[in-house]
């Protein structure tokens, strides 16, 4: 479950719609309702929570929400722009159960990144804080949007490692014609033709083999996106609405943050229908990469359920899918999301 705690953000990124929302229209998720909803999510089988926003560190009750999630045994990740992080807050986040801290980086230099975000001195602060995160058992991951703010993968890798990152995940810009999102902003920096973006993804796939840090986007996910951009059939349907959900700051459950039609509220989650459909309406990494990464586990689960019903031929068919063999490599390349390192 991806939980957007707020639509508030203190950054001024030009390619993100959150920066255009005035403080008068900021909304914070109701902490009491959310804490009451977390046990319902756990009972319904949710195991991983990704807290995001806006900027989740702006939520006044963040730590108590995290502690409640930790008590219930969730694995917890948190996305942030990093501007509000301090030594004390890093320690508090680790104590509250956060395992992965996903920090947005927009460029291959401090000057461009800080200018785009509007945070002078941010990179020096991150250089100081990343060792503290490691000491506290937090795993910091750089999250880089593919944009025209940078173009040199080698320069980007050198910059990220100079900040202290040992792993990076890339976000893909949404192409024209895809489902609109309230967080999306039309900006030249993230405007690509299908051919241009396919070429960038191919460069990324090549660069990951010499990258100085772990690249968490799996090769198979990158190949699937290139197939889609070139008009070919996509083999791995999105898991959003079936195994992966989005909870907004009004505590409405949606399939994802692109298709924002509410399915119901957090209190109703256990009874909401699970929607399994072959949607390819966006290129959003957190859904599309996850769908490739988790494919073998989903197939194994389906095989077990079929076998439990005595449907042995169906069980074997689930296990022998060609896509399972392809996706095993993707699961291995993405293992750092679920394990201790890098």
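The values are calculated or read from the model by the stated rules, or taken from the named source; none is laboratory data. Everything quoted here is computed from the prediction, not taken from an experiment. Cβ coordinates were reconstructed from backbone atoms using ideal geometry, including for glycine residues, and neighbour counts include every protein chain displayed.
General observations
Quick grid of which residues meet (1) over 24 Å from residue 11 (Cβ atoms); (2) surrounded by 14 or more Cβ atoms within 10 Å (Cβ to Cβ); (3) at pLDDT 95 or above:
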position	(1), (2), (3)
113	no, yes, yes
122	no, yes, yes
172	no, yes, no
177	yes, no, no
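- Restricting attention to region 217-264, the residues that are under 16 Å from the mean Cα position of the chain (by Cα) and assigned to a helix (DSSP H, G or I) total 2.
- Which numbered condition residue 252 fails, given (1) touching a helix residue (DSSP H, G or I) at 6+ places or on another chain (Cβ under 7 Å); (2) over 30 Å from residue 193 (Cα atoms); (3) modelled with pLDDT of 75 or more; (4) buried (at least 16 other Cβ atoms within 10 Å of the Cβ): (1)
Residues checked against (1) in contact with a helix residue (DSSP H, G or I) (Cβ under 6 Å, 6 or more places away or on another chain); (2) without any contact (Cβ under 8 Å) to a residue 40 or more places away in the chain:
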{"residue": "123", "(1), (2)": "yes, no"}
{"residue": "131", "(1), (2)": "no, yes"}
{"residue": "143", "(1), (2)": "no, no"}
{"residue": "148", "(1), (2)": "yes, no"}
{"residue": "153", "(1), (2)": "yes, no"}
{"residue": "166", "(1), (2)": "no, no"}
{"residue": "171", "(1), (2)": "yes, no"}
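For (1) buried (at least 20 other Cβ atoms within 10 Å of the Cβ); (2) in contact with a strand residue (DSSP E or B) (Cβ under 6 Å, 6 or more places away or on another chain); (3) outside any helix (DSSP H, G or I); (4) modelled with pLDDT under 75, each residue gets a yes or a no:
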{"residue": "277", "(1), (2), (3), (4)": "no, no, yes, yes"}
{"residue": "282", "(1), (2), (3), (4)": "yes, no, yes, no"}
{"residue": "289", "(1), (2), (3), (4)": "yes, no, no, no"}
{"residue": "301", "(1), (2), (3), (4)": "no, no, no, no"}
{"residue": "304", "(1), (2), (3), (4)": "no, no, no, no"}
{"residue": "313", "(1), (2), (3), (4)": "no, no, no, no"}
{"residue": "325", "(1), (2), (3), (4)": "no, no, no, yes"}
{"residue": "340", "(1), (2), (3), (4)": "no, no, yes, yes"}
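- Scope region 196-216; condition touching a residue at least 12 places away in the same chain (Cβ under 8 Å) and not in a loop (DSSP other than H, G, I, E, B); matching residues: 197, 198, 200, 201, 202, 203, 204, 205, 207, 214, 215
- Flag if residue 140 is over 19 Å from residue 172 (Cβ atoms) and buried (at least 19 other Cβ atoms within 10 Å of the Cβ): yes
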